[in-house]
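Trainee: I am attaching a structure below and will ask some questions about it afterwards.
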Amino acid sequence: MLITQQKDLIPFMEDACKHPFLTVDTEFLREKTYYPKLCLVQIGTPDGKAAAIDPLSKDIDMTPVLDMLRNPDILKVFHAARQDLEIFYKLMGEVPAPLFDTQIAAMVCGHGDQIGYESLVRTLTNGSIDKTSQFTNWSNRPLTDKQIDYALGDVTHLVEIYQKLDAELAQRGRTHWLAAEEEILNAPETYDNDPNQAWERIKIKTHKAQTLAILRTLAAWRESKAQRKDIPRTWIFRDETLADLAAHPPKTASDLKKIRGFPSDRAEGRTGQEILSLVKTAMASDPKDWPQRTKKKPPSAKTIATIDVLKTLLKVTAGRYEVAAKLIASNDDLEAIAAGKDETATKALRGWRKEIFGDLAVQLKNGKIAMGFKNGEATIFEIPSGTKTL
């Protein structure tokens, strides 16, 4: 069902909100904008009903949908929710809650790393999805029946997927694992693109503080302008151009023309003058306020050996719990454990990861346990005190 009028939206939402959970998905475009352009919202109910709501219709007011997303008594079920939540956060000024992300839940239950929706449908429901409408311009109207059927499929199958994953999480005692993994989705700062932090995403070879100060200033300017004009940041300047400007600070329009990706006509115009002023201001700023990037030192041979042993423990743990190893611990986690760094900064030493891996990793590093084989399987052994080592 496609809803394009308020008189149809209100009764659908009133009926939908009687249920304890709803499945939600969106269709959007972002190729020509900074913020996603919402083109369709799909909602499914546990009793098999589903609707595609057209926010581009002049006869639609999305308030009933946003009220549902704010309702603390209704669980909102998404698959790979990050971009959907960003859209709603901009519309609502808050993150929809409570929520359940089936992609994260599937990872926690051992169904693979970042498993796609189509794979989950096939694995958990024995169903299938016609993906021919996946790459389409969702802003074009009217929508075809094929497009609408495709869009609704993203929430109808999701009902059974949620029910099976929720039951599996409870049966395996991993419901709190999911809650921990969804913390970042629930945090408003996940969706606040602070212009002053935009420079951190840009790759640059140098660690010189002044260069980073220039990069921070230019990246903040670009981000603010992209947000204000609602255009992709790369339409203003690419990352490589900002990095080159920071590494080779220009003083004149002629200098700007030597920067890769900087159009000659803009070098002589208003944009060029603006860039030169920004660079000059950044260079004249207080060095105490310049950002820092600490150059990472390569681990010692001893630490590398410890990391290799921890990797074996990680593989054994991943196999035992049927969870992707990269979900339990990253290479940075293993290096931090091997180097004895502060556990508060190490993800693998917190929460459920600590329960199944972190504690064992620390014990293995400290010589409290050992690994070996028993009956042909990798096994962990406790080392009695006073045991001689070779």
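The values are calculated or read from the model by the stated rules, or taken from the named source; none is laboratory data. This is a predicted model, so every value here is computed, not measured. For neighbour counting, all protein chains shown are included, and Cβ atoms are generated from backbone atoms with ideal geometry for every residue, glycine included.
Trainee: Pick out the one residue from Ala370, Ala338, Ala345, Ala324 that is surrounded by 15 or more Cβ atoms within 10 Å (Cβ to Cβ) and within 25 Å of the chain's Cα centre (by Cα).
Mentor: Details: Ala370 fails: within 25 Å of the chain's Cα centre (by Cα); Ala338 fails: within 25 Å of the chain's Cα centre (by Cα); Ala345 fails: surrounded by 15 or more Cβ atoms within 10 Å (Cβ to Cβ).
Result: Ala324 is the single residue among Ala370, Ala338, Ala345, Ala324 that is surrounded by 15 or more Cβ atoms within 10 Å (Cβ to Cβ) and within 25 Å of the chain's Cα centre (by Cα).
Trainee: Considering only residues that are within 24 Å of Ala226 (Cα to Cα), over 17 Å from the mean Cα position of the chain (by Cα) and among the polar types (S, T, N, Q), which ones fall in segment 169-196?
Mentor: Asn196
Results for (1) within 16 Å of Leu152 (Cα to Cα); (2) outside the structural domain of Leu178 (by TED's automatic domain parsing); (3) charged (D, E, K, R), shown as yes or no for each residue.
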position: Ala52; (1), (2), (3): yes, no, no
position: Thr63; (1), (2), (3): no, no, no
position: Gly93; (1), (2), (3): no, no, no
position: Glu118; (1), (2), (3): yes, no, yes
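Trainee: Just the residues that are of a type in the set (S, T, N, Q) and under 21 Å from Glu382 (Cα atoms), please, taken from segment 321-366.
Mentor: Within segment 321-366, Gln363, Asn366 qualify.
Trainee: From the list Ala339, Ala345, Ala324, Ala305, which residue is among the small types (Gly, Ala, Ser) and at pLDDT 90 or above?
Mentor: Ala305
Trainee: Among what's in segment 217-264 and is touching an Asp or Glu at 6+ places or on another chain (Cβ under 7 Å) and more than 11 Å from Ile275 (Cβ to Cβ), pick the residue that is surrounded by the fewest Cβ atoms within 10 Å (Cβ to Cβ).
Mentor: Looking only at segment 217-264, we keep the residues that are touching an Asp or Glu at 6+ places or on another chain (Cβ under 7 Å), and these are 233, 253, 259-261.
Add one more test, that the residue is more than 11 Å from Ile275 (Cβ to Cβ), and what stays is 233, 260-261.
Details: Arg233: 19, Arg260: 11, Gly261: 14.
Residue satisfying both the conditions and the ranking: Arg260.
Trainee: Do the conditions hold for Asp308, that is, is it under 30 Å from Gln363 (Cβ atoms), outside the structural domain of His248 (by TED's automatic domain parsing) and over 28 Å from the mean Cα position of the chain (by Cα)?
Mentor: Values: under 30 Å from Gln363 (Cβ atoms): yes; outside the structural domain of His248 (by TED's automatic domain parsing): yes; over 28 Å from the mean Cα position of the chain (by Cα): yes.
In short, yes.
Trainee: When Ser224 is evaluated against the numbered criteria (1) within 24 Å of the chain's Cα centre (by Cα); (2) not in a helix (DSSP H, G or I), which criterion, by number, is the only one it fails?
Mentor: Only one criterion in (1) within 24 Å of the chain's Cα centre (by Cα); (2) not in a helix (DSSP H, G or I) is unmet by Ser224, namely (2).
Trainee: Another question, if that's okay. Report yes if Gln147 is more than 30 Å from Glu223 (Cβ to Cβ) and either among the polar types (S, T, N, Q) or modelled with pLDDT under 95 (or both), otherwise no.
Mentor: Here the answer is yes, as Gln147 does meet what is asked.
Trainee: Related question: Considering only segment 13-24, I want to know if a residue exists there that is closer than 26 Å to Leu165 by Cα, of a type in the set (Phe, Trp, Tyr) and in contact (Cβ under 8 Å) with a residue 12 or more places away in the chain. Walk me through it before giving the result.
Mentor: The first filter runs over segment 13-24 and keeps only residues closer than 26 Å to Leu165 by Cα, leaving 13, 15-24.
Then keep just the ones that are of a type in the set (Phe, Trp, Tyr); that gives 21.
If we keep only those that are in contact (Cβ under 8 Å) with a residue 12 or more places away in the chain as well, we get 21.
Scanning segment 13-24, I find at least one residue that is closer than 26 Å to Leu165 by Cα, of a type in the set (Phe, Trp, Tyr) and in contact (Cβ under 8 Å) with a residue 12 or more places away in the chain, so the answer is yes.
Trainee: Please determine whether any residue of segment 295-306 is touching a Lys or Arg at 6+ places or on another chain (Cβ under 9 Å), surrounded by 13 or more Cβ atoms within 10 Å (Cβ to Cβ) and free of Cβ contacts under 8 Å to residues at least 12 places away in the same chain. It would help to see each step written out before you state the result.
Mentor: So in segment 295-306, the residues touching a Lys or Arg at 6+ places or on another chain (Cβ under 9 Å) come out as 306.
Imposing the further condition that a residue be surrounded by 13 or more Cβ atoms within 10 Å (Cβ to Cβ) reduces the set to 306.
With free of Cβ contacts under 8 Å to residues at least 12 places away in the same chain added as a condition, the list becomes none.
Checked against the condition, which is being touching a Lys or Arg at 6+ places or on another chain (Cβ under 9 Å), surrounded by 13 or more Cβ atoms within 10 Å (Cβ to Cβ) and free of Cβ contacts under 8 Å to residues at least 12 places away in the same chain, segment 295-306 yields no hits at all.
For every residue, the table says whether it meets (1) in the same structural domain as Val108 (by TED's automatic domain parsing); (2) modelled with pLDDT of 95 or more; (3) more than 30 Å from Gln42 (Cβ to Cβ); (4) among the basic types (Lys, Arg).
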| position | (1), (2), (3), (4) |
| --- | --- |
| Asn140 | yes, no, no, no |
| Asp154 | yes, no, no, no |
| Ala179 | yes, no, no, no |
| Lys203 | no, no, yes, yes |
| Ser224 | no, yes, yes, no |
| Lys229 | no, yes, no, yes |
| Asp244 | no, yes, yes, no |
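Trainee: A further question on this structure: Which of the residues belonging to segment 199-216 are surrounded by fewer than 20 Cβ atoms within 10 Å (Cβ to Cβ) and not charged (D, E, K, R)?
Mentor: The answer is Ile202, Ile204, Thr206, His207, Ala209, Gln210.
Trainee: Does segment 312-320 contain any residue that is at pLDDT below 95, of a type in the set (Gly, Ala, Ser) and in contact with a helix residue (DSSP H, G or I) (Cβ under 6 Å, 6 or more places away or on another chain)?
Mentor: yes
Trainee: Exactly one of these conditions fails for Ile43: (1) buried (at least 22 other Cβ atoms within 10 Å of the Cβ); (2) hydrophobic (A, V, I, L, M, F, W, C); (3) under 30 Å from Arg222 (Cα atoms). Give me its number.
Mentor: Answer for Ile43: the failing condition is (3).
Trainee: Given the conditions (1) part of a helix (DSSP H, G or I); (2) out of contact with any Asp or Glu (no Cβ under 7 Å at 6 or more places or on another chain); (3) touching a residue at least 40 places away in the same chain (Cβ under 8 Å), and given that Glu355 satisfies all but one, which numbered condition is not satisfied?
Mentor: (3)
Trainee: Same structure again: Any residue at all in segment 360-370 that is assigned to a strand (DSSP E or B) and modelled with pLDDT under 95?
Mentor: Yes: one or more hits.
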